Every structure is written in structure tokens, then in C-alpha cells.
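In what follows, a single structure is set out as C-alpha cells and then discussed.
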Amino acid sequence: MNWLENLQRSFFDWDAMASVLPALLAVGLKNTLILAAASTVLGILLGMVLAVMGISRSAWLRIPARIYTDIFRGLPAILTILLIGQGFARIGRDIFGPSPYPLGILALSLIAGAYIGEIFRSGIQSVETGQMEACRALSMSHGQGMRLIVIPQGVRRVLPALVNQFIGNVKDSSLVYFLGLLASEREIFRIGQDQAVVTGNLSPLLLAGMFYLIITVPLTHVVNTIDNRLRLGKQKPGGGVSGLVEVGELKNTTGEASATPDGTAAAPAFKAGSLDVRDLDMAYGDLQVLKQIRLKVEPGTVTCVIGPSGSGKSTLLRCLNRLVEPKAGDVLLDGESILAMRPETLRRRVGMVFQHFNLFPNHTALENVMLALTEIKGMATGQARRQAEARLAEVGLAARKDYRPSRLSGGQQQRVAIARALAMDPEVILFDEVTSALDPELVKGVLNLMADLGRRGMTMIVVTHEMGFARKVADQVAFMDEGRIVEVGPPSEIFDRPKSPRLRQFLAEVL
Ligand SMILES: Nc1ncnc2c1ncn2[C@@H]1O[C@H](COP(=O)(O)OP(=O)(O)OP(=O)(O)O)[C@@H](O)[C@H]1O
């Protein structure tokens with residue numbers, strides 16, 4: 001039993017623990033938290049700068065960020081702390097006084113910055129490209145899209161990694177004791193170790209270890225909870241995404257004119273612009289994707305663009321709001337060349353709805369619709385809210401306004417995306433295969449809503465594989481093949497009397 005007593009004396013000497021407890025609480029805990037928190041905050045600031053430099057298009061910013069990160073991530077923490085704490089001791093004394101404590105914080109921050117920079121960079125780069133595309137389609141500049149949507153999303157995604165970094169800093173703070181701290185500056189480890197020497201056993205160190213665990217273990221659980229809340233947003237009791245709810249809500253979208261939430265006013269009329277596409281060419285590198293496209297779209301009409309995969313339908317739409325730049329030709333919006341406008345101005349007038357919705361996941365349905373109103377149109381929050389609520393009511397989603405996209409069905413998400421585009425009061429809306437990503441039972445609801453918009457006089461260009469919709473709703477149908485518009489005309493001609501063999505073959509395949 002001798003070894004058992006030995007172990008007990010080494011690790012569980014209660015008197016030794018009791019004697020070190022006050023110092024651990026009053027001095028060690030405070031200093032460890034100061035060291036870890038200060039180095040995390042400074043590391044976050046430095047990491048933000050490094051991340052922005054790291055994703056910059058300029059090599060002059062990217063390369064220094066890379067070199068910094070490689071050095072400070074590659075060196076052992078203790079080496080950096082000693083090099084900075086002792087190497088700069090003289091300068092440190094001049095600036096901070098005799099204590100090496102501030103230099104310890106600086107060294108920890110420089111190390112943390114290198115890791116946090118990489119965490120932010122990968123977080124920002126993990127945000128889907130569709131998010132920035134949606135920002136641009138809502139007329140935001142690149143900077144606004146980064147600031148309002150991409151960076152916050154990236155940062156939220158890396159929250160657990162940042163907490164891990166804080167936990168790392170809590171542990172690494174023990175290394176600054178190598179700089180010879182004053183008694184009042186000792187952190188948890190140093191106090192435990194000093195007392196272990198005095199008592200001749202490891203119990204004070206074991207207690208110090210428990211202090212570290214008390215700080216670090218709950219943090220991981222807290223961050224998981226926060227992360228779940230942020231991801232799911234506010235949840236109303238019984239708020240499912242069932243097909244029944246979907247069908248019930250659709251009643252609101254089938255009427256000729258919808259009402260605002262209080263049911264007092266009819267939905268506003270659309271501005272209904274015209275488009276005139278003139279000899280448009282577009283190429284991705286050497287790949288000529290659009291060839292001499294000509295198309296006239298009258299105000300308040302629905303144009304459906306059909307054609308085989310890869311024929312250039314999406315690219316044509318993206319040229320119309322300059323998400324991609326045409327190589328030659330022009331497009332007139334109400335007689336004005338879109339190439340002569342600022343892209344942001346054009347995109348206020350020409351809205352777009354995407355196949356994959358591209359809703360902003362960490363905003364509610366209402367916020368998704370409001371965002372561009374407040375940020376781009378500069379509308380006061382109250383007015384933007386009322387307008388956004390009216391638009392959500394128009395698409396049958398008034399009751400879902402506080403839901404985040406993850407709590408909505410695909411069909412509901414797509415209707416929020418349509419409300420978001422409508423809220424900008426566009427003259428034209430481009431729909432890019434907006435039902436292709438939906439479950440079959442949800443397609444009808446979205447198509448009904450689009451048909452409703454068409455009836456109410458919105459100018460719409462709809463890339464679609466839904467031939468029934470094109471036949472029923474379109475004023476004209478354009479058939480594209482290999483980058484050209486092969487045939488254009490009213491649905492009855494295109495579907496019942498196709499002229500070109502290529503269109504006949506296409507229809508035989510899809511109908
Ligand atoms: N970003 C890009 N870079 C290079 N090539 C591209 C890019 N986007 C599209 N393409 C190419 O341009 C051509 C037209 O693509 P586009 O997406 O416009 O066709 P689509 O008719 O909309 O096809 P689908 O019905 O499959 O969506 C295709 O050959 C495609 O591979």
C-alpha cells in the first residue's frame with residue numbers, strides 16, 4: 001500500500017492545495033485570464049488584417065501575410081516568447097517599465113494572430129460564391145457584400161475555432177513565466193509550480209491543472225450552444241416546413257392583386273421596363289458562349305428562355321444585369337445602354353432570383369428582404385420593415401417573417417428570394433432556373449407565384465425547364481442552342497409549330 005500513500009501525498013495533499021488556493025484565485029486566475037483575453041483580442045485584430053491581406057488580389061499584401069503566418073505558426077511558442085520577451089527587454093522597459101508582462105502579451109498576440117488570421121481566411125473563403133453573387137445582384141458593391149454578408153458569415157462559422165484559440169491562449173499563457181514575472185503577475189501555472197516546490201509535492205500543480213479545466217471545458221459547450229442558436233434562429237412553436245403549410249399559404253399568392261399585411265391596400269404596381277438585346281456576344285476565355293444574341297422584351301411581358309444544357313441561357317441572364325460582362329453588342333433598358341450605367345445602378349433596376357435561392361442564412365426572412373432597402377436604398381428601418389413585410393405577405397410568407405432560411409422549405413426560401421428581389425422595385429426580374437433545385441411538390445407554388453407576378457405586369461425573363469409554365473404563362477419563348485437564339489415567338493408557335501429541326505428535336509426530347 002506504500003505506493004498508494006505515496007501517490008496520495010504527491011497528488012492529493014489537501015493542506016497543500018488549501019494553502020495555494022487563495023493565491024490561485026486572487027492572482028493566478030486573474031493574470032491567466034488577462035493574458036489569454038488580451039492576446040486573443042489583439043490576435044483577432046491582427047488576424048483580421050492578415051486574413052484580408054491573405055485573400056487580397058494583390059501579391060504585395062498576400063505574400064507578406066503568408067510569410068508572417070509561416071514564421072509565427074512555424075516557431076515553437078516558447079521560442080517566440082523568449083525571443084520577444086528577452087530580445088526586446090530593453091525597448092520593452094523603455095515603453096512599458098520593468099515588467100516583462102506586456103511583452104509576454106505581445107508575444108502571445110503575435111502567435112495567436114498568425115493562427116487566427118488563418119482561421120478567418122478559411123472561414124471567409126468557405127462562404128459560398130452564391131452569397132456574394134446575391135449581394136451584387138441586390139446592387140451592393142464588393143466591399144458592402146464582404147462587410148454585410150460574407151465576413152460576418154465567415155466569422156460566425158469559425159466561432160468554435162476562435163474559442164479553441166482562446167483555450168490555446170489560456171494554456172500558452174503559462175509559458176510567459178519563462179520571462180521571470182513579478183509575484184503579482186504570476187499566472188495559474190507559475191503559482192502552482194512555486195507552491196509545489198515549497199510543499200515538495202504536486203498537489204498545488206494538480207489544483208492549477210483543475211483551474212485550467214474549469215476555464216476551458218465549459219467554454220466549448222457555451223460556444224456550441226451559441227453556434228446552434230445562430231444557425232437556427234428564432235423558432236416559433238409548431239413552425240414546421242411541411243407540405244401542408246406550404247399549400248395553405250399559397251392561397252395568398254394566387255389572387256390577381258395581393259394585399260398588404262393589414263389587408264388595406266393593394267400591392268403596388270410594377271414599373272415594368274423594356275429590354276432590347278442587340279447582337280450580344282460573350283466568352284469565357286476562348287469559349288464563345290453567346291453569339292449575336294438579339295431579343296426584344298416588351299414592358300410587362302414574360303419571356304421564357306428554353307434550350308439544352310450549356311446553350312448559354314444562364315449566361316445570357318447574367319449579362320443582362322452584368323454579373324458577367326458581355327464582349328460585344330449592347331442591351332438597352334428602357335432605351336438606355338446598360339453598359340453606360342454603373343453596374344450597381346443597373347442592378348437596382350434589374351433584379352435577379354437564383355436557382356439556389358442564395359438567401360443570407362444568418363438573417364431572418366424579413367431581414368433578407370429588408371437588408372438592401374436599408375443598406376442600398378438608405379430607407380429608414382421602420383419604413384423598410386413595413387415594405388419588407390408587405391412583400392413577404394405578397395408571396396404568402398407573412399407568418400414566416402422571423403424564420404431563418406434553414407427553417408423554411410425550399411419553396412418558401414425561393415419565395416423569400418422573390419420577395420427580396422421585388423422589394424427593390426425593379427423594372428425587370430431575371431429568374432434563373434428557380435424551380436430546378438426544388439422538390440417536385442414545391443415547384444407548383446413557386447410557378448404560381450411567378451405566373452401571378454406576370455399577370456400583374458412585371459417584366460420577367462425566365463430561364464426554365466418547365467415547358468408547361470412557358471406554354472401557359474410566357475408572352476414569348478426564346479429557344480437557345482449553342483449560344484444562339486435559334487427561334488423566338490409566342491408559345492403556340494414555338495411549341496405547336498416549331499420551324500427549326502433543332503427545336504423540334506429538343507421538344508421531342510423534353511416533352
Ligand atoms: N464561370 C464559367 N467559366 C467558364 N465557363 C463557363 C462558366 N459558366 C458557364 N460556362 C460555360 O458556358 C457555357 C454556357 O453555360 P450556361 O450556364 O450559360 O448554360 P445554360 O444553358 O444555362 O446551361 P444549364 O441549363 O445547364 O444551366 C457552358 O459551356 C458552360 O460550361
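The values are calculated or read from the model by the stated rules, or taken from the named source; none is laboratory data. Here the structure is a predicted model, which is why all the values come from computation and not from measurement. Cβ coordinates were reconstructed from backbone atoms using ideal geometry, including for glycine residues, and neighbour counts include every protein chain displayed. For accessibility, only protein heavy atoms count, side chains too; no ligands or nucleic acids. Shrake-Rupley method; radii C 1.70, N 1.55, O 1.52, S 1.80 Å.
Normalised per residue, the accessible area of region 3-232 is 50 Å², obtained with a 1.4 Å probe and no contribution from ligands, DNA or RNA. Once backbone amide H atoms are built at 1.01 Å from N, Gly300 has Gly273, Thr459 as its partners under 5 Å, excluding neighbours fewer than 5 places away on the same chain. Shown for the chain: the carbon plus sulfur share of the solvent-accessible area, taken with all protein chains present and a 1.4 angstrom probe, equals 59%.
Extending 7 Å from the Cα toward the beta-carbon at both Arg504 and Ala328 defines two label points whose distance is 3.2 nm.
With contacts taken as Cα pairs under 8 Å and at least 6 residues apart, the chain reaches a relative contact order of 16 percent. Note on the chain: dipole from Cβ charges, positive end direction compared against Ile124, Pro440, Pro501; the farthest Cα belongs to Ile124. The mean of 1/r over all distinct Cα pairs in region 3-232, once inverted, gives the Kirkwood hydrodynamic radius of 19.7 Å. When each of the peptides 351-359, 209-217 is scored by the mean number of other C-beta atoms lying within 10 Å of its residues, the order from highest to lowest reads 351-359, 209-217. Once each of the GluC sites (Glu not before Pro) sitting in a DSSP loop with at most 16 other beta-carbon atoms within 10 Å is removed, the chain keeps 257-481 as its longest stretch.
Summarising the label geometry, the points placed 7 Å from Cα in the beta-carbon direction at Ser337 and Asp279 lie 1.2 nm from one another.
Quick one: grab the alpha carbon gyration tensor of region 299-366, order the square roots of its eigenvalues as a ≥ b ≥ c, and give me rounded if a/c is under 1.5, else prolate or oblate depending on whether a/b is larger than b/c. Because a/c hits 1.5 or more and a/b fails to exceed b/c, region 299-366 counts as oblate. Within the chain, DSSP assigns beta bridges of which about 55% are antiparallel (rounded to the nearest 5). Under the convention that each Lys and Arg Cβ holds +1 and each Asp and Glu Cβ holds -1, the size of the dipole of the chain around its Cα centre is about 420 debye. At a probe radius of 1.4 angstrom, the accessible area of region 385-499 per residue rounds to 33 square angstrom.
Comparing Ala419, Ser99, Asn2 along the charge dipole axis of the chain, the residue lying farthest to the positive side is Ser99, per the Cβ-charge model.
With an a/c value of 1.5 or above and a/b not larger than b/c for the gyration tensor axes a ≥ b ≥ c computed over the alpha-carbon atoms, region 355-396 is described as oblate. Classify the chain as rounded, prolate or oblate from the Cα gyration tensor: take a ≥ b ≥ c as the square roots of its eigenvalues, call it rounded if a/c is under 1.5, otherwise prolate when a/b beats b/c and oblate if not. Judged from the Cα gyration tensor, the chain comes out prolate (a/c at least 1.5, a/b above b/c).
The relative contact order of region 3-232, computed from alpha carbon pairs under 8 Å that lie at least 6 residues apart in sequence, is 32 percent. List the pairs from Lys271/Lys472; Lys291/Lys472; Lys30/Lys171; Lys296/Lys444; Lys271/Lys377 whose alpha-carbon separation is above 19 Å, in the order I gave them. Correct reply: Lys271/Lys472; Lys291/Lys472; Lys296/Lys444.
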